[in-house]
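The numbers here are math on the coordinates, done by the rules we state, and not lab data. Every value quoted in this text rests on a predicted model; they were computed, and no experiment measured them. Quick reminder, even Gly has a Cβ in these numbers, built from the backbone with ideal geometry, and neighbours come from all protein chains shown.
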Amino acid sequence: MPERTEFDDDEDEYTGTEDGETGEGARQRWTVPEEAGGQRLDKALATGLPGLSRSRVQALLEKGCVQDGSGRTVTDPSMKVKPGQTFDVFIPEAEPAQPEAQDIPLDVVYEDEDVLVIDKPAGMVVHPAAGNPDGTLVNALLAHCGDSLSGIGGVRRPGIVHRLDKDTSGLMVVAKNDRAHHALTEQFSGRTLSRTYQALVWGVPSPREGRIEGNIGRSGTDRKKMAVVTGGKHAATRYRVVRSFGTALALVECTLETGRTHQIRVHMAHIGHPIVGDPLYGKGRAGRAGGKHASALPEPHRERFVGFPRQALHAVGLTFRHPATGETVRFQAPLPTDIKDLSDFLESL
C-alpha cells in the first residue's frame with residue numbers, strides 16, 4: 001500500500017486501513033465461527049468482514065483473491081463453510097487515477113506560490129473516492145492551480161496534506177509544490193500546526209473550560225463509527241464554552257492536541273454533549289437527537305435544531321509556519337451562514 005502523505009484532521013472521512021480492517025491493498029484472515037457453519041462462502045465472508053458487500057466478495061472470488069487455510073485458491077461462492085475453517089481474502093490495491101480539473105468555485109482566504117488556504121464549504125468532499133469520483137476539492141484545485149499540482153502528494157490527492165469531513169466546513173491549507181508539501185507534512189506529523197474549531201453542541205459542558213482525553217479507535221458495536229476505546233490511539237482535545245443558551249445548547253471552541261478521525265465529534269459525545277446535526281454521534285441517551293437537552297428548547301423551535309442537516313462544526317482557525325519564510329501565519333474564518341443563523345436565532349429567544 002502506498003504511504004499516506006495526508007494527515008487525519010479531526011473531521012476527516014475515514015479512509016485507509018488499521019490493523020484488522022479491510023481496505024485497498026489489504027489482506028484479511030477470517031476463521032468461520034460456529035454460528036456461520038453451513039452458510040455459503042460469499043454470504044459468510046460478507047457477514048464476517050465489515051466493509052465488504054456480498055457482490056464485492058463474489059468479484060474477489062472470481063478473481064482468485066480468496067484462499068483457504070492450506071493456501072488453495074477458492075473461487076466457488078456457493079461453497080458451504082465449516083466452523084473453524086480459515087480463509088485469506090486479498091483485496092487488490094486501487095489503480096491510481098488522475099482526477100480531472102473542474103471549474104468549481106473556491107473560497108480562497110490566502111494564496112501565494114507555495115500554499116493555498118481555503119474555506120471549504122459543507123458538502124464538499126476533499127478528494128475523489130468510491131461514490132465521489134468528481135466534484136471534489138481536488139478537482140477544483142486542479143482547475144485553480146493548473147498542472148503544477150499533479151504529482152504533489154500522490155496522483156489521487158495532489159497537494160492535500162490534511163482533510164476535513166464532507167459535512168465539516170472551514171479552513172484547510174494546500175501545498176502547491178513539493179517543498180511546501182514536505183514542510184507542511186512535517187508540521188502535521190509533529191503536531192506543531194494549530195487547528196481550532198467551533199461547534200454548536202447539545203447542553204452546556206461543565207466545567208466550561210477543560211481538556212478531554214480518551215483513546216480513539218473503531219467502535220466495537222458499529223464499524224462506521226469511532227469511539228473512546230481501550231487500546232485506541234491517544235487523543236486529546238481542549239475546549240471552552242464561548243456562549244451558552246440556557247441549558248439546551250452551547251457554542252464551544254475546540255483546539256486539537258492530536259488529530260484523530262472524528263476526534264471532536266467523538267470526544268464531545270463522550271462527555272455527553274454531542275454536536276448538533278451530527279448523524280453518527282448526535283443522539284443522546286434518550287435515543288434521539290439532542291436527548292434530554294432538546295426538551296429544554298421551546299416546542300415550536302425544537303425541530304430547527306433537532307433536524308439540522310449536518311454536524312454544526314467549523315474549522316475557524318489555522319496557524320502554521322510558512323514553508324518558504326518560516327514565519328508563523330494565522331488565518332481565521334467566520335462561522336458559515338447556516339451555523340451563524342442557528343446561533344443568532346438562539347440569541348433572539
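What are the residues whose amide H is under 5 Å from the amide H of K120, where those residues sit 5 or more places off or on another chain and H is modelled from the backbone?
Excluding prolines and chain starts, which carry no amide H, the hits are G170, L171, M172.
Can you tell me which of G259, G69, G290 moves the most in a GNM of the chain? Springs connect C-alpha atoms under 10 Å apart.
G69
Restricting to Cα pairs below 8 Å that are 6+ residues apart, what does the relative contact order work out to for the stretch 203-349? Please round to a whole percent. Before the final figure, lay out the partial values.
On the way: 236 pairs, mean separation 23.2, N = 147.
Rounded, it is 16 percent for the stretch 203-349.
Give me a comma-separated list of calculated 3J(HN,Hα) values for the stretch 40-52, in order, Karplus coefficients 6.51, -1.76, 1.60 applied at θ = phi - 60°, integers in Hz, x for any Gly or Pro.
5, 4, 5, 5, 5, 5, 5, 6, x, 10, x, x, 10
For n ≥ 4 DSSP H runs only, could you compute -39500 (n - 2.57) per run for the chain, divide by its residues and tell me the 222 nm figure to the nearest 500? Could you put the intermediate results ahead of the total?
Numbers: 8 runs with 70 residues, N = 349.
Here the helix-only value at 222 nm equals -5500 deg cm²/dmol.
If you take the beta carbon distance between H182 and R330 as r and set R0 to 25 Å, what does 1/(1 + (r/R0)^6) give as a FRET efficiency, to the nearest 0.05? It would help to have the intermediate numbers written out before the result.
On the way: r = 22 Å, r/R0 = 0.86.
The pair H182/R330 has a calculated efficiency of 0.70.
Separation between the K63 and N132 pseudo-spin-labels, each 7 Å from Cα along Cα→Cβ, expressed in nm?
According to this spin-label approximation, the distance is 2.3 nm.
Per residue of the stretch 224-237, what does 6.51 cos²θ - 1.76 cosθ + 1.60 with θ = phi - 60° give for ³J(HN,Hα)? Whole Hz please, x for Gly and Pro, Karplus curve as stated.
After applying 6.51 cos²θ - 1.76 cosθ + 1.60, I find 7, 10, 9, 7, 6, 9, 6, x, x, 8, 4, 8, 9, 10 Hz.
Whose amide H sits under 5 Å from the amide H of H162, counting only residues 5 or more places off or on another chain, with H placed in the peptide plane?
Here the answer is F7, since their amide H atoms fall under 5 Å of that of H162.
Determine the relative contact order of the stretch 82-238: mean sequence separation of Cα pairs under 8 Å and six or more apart, normalised by residue count, in whole percent. Spell out each step's value before the answer.
Working: 230 pairs, mean separation 27.3, N = 157.
About 17 percent, as a whole number.
For S206 paired with S70, estimate the spin-label separation in nm (one decimal), with each label point 7 Å from Cα along the Cα-to-Cβ line.
Result for the modelled spin labels: 6.6 nm.
Would you list which lysines come within 27 Å of K225, measuring only between C-alpha atoms, while excluding same-chain residues fewer than 8 positions from it?
Partners found: K43, K120, K166, K233, K283, K292.
Could you grab the Rg to Rh ratio for the stretch 223-349? Cα atoms only, Kirkwood for Rh.
Values: Rg = 16.4 Å, Rh = 16.2 Å.
A ratio of 1.01.
Taking amide H positions as placed in the peptide plane 1.01 Å from N, state which residues far from L249 in sequence (5 or more) or on other chains have amide H under 5 Å from it.
Residues meeting the criterion, in which the H sits 1.01 Å from N, are G203.
Taking only C-alpha pairs under 8 Å that are 6+ residues apart, what is the relative contact order of the chain in percent?
Working: 739 pairs, mean separation 54.2, N = 349.
Across the chain, relative contact order equals 16 percent.
Just for the Cα atoms in the chain, what are the lengths along the principal axes, largest first, rounded to whole Å?
66, 52, 34
Computed on alpha carbon atoms, what radius of gyration and Dmax characterise the stretch 27-90, expressed in Å?
Cα only, the stretch 27-90: 10.1, 28 Å (Rg, Dmax).
Can you give the direction-averaged projected area of the convex hull of the alpha-carbon atoms in the stretch 129-225, in nm²?
It is 9.0 nm².
Once you have a ≥ b ≥ c as the square roots of the Cα gyration tensor eigenvalues for the stretch 51-132, tell me rounded if a/c is under 1.5, and otherwise prolate or oblate according to whether a/b is larger than b/c.
Values: a/c = 3.74, a/b = 3.43, b/c = 1.09.
Verdict is prolate for the stretch 51-132.
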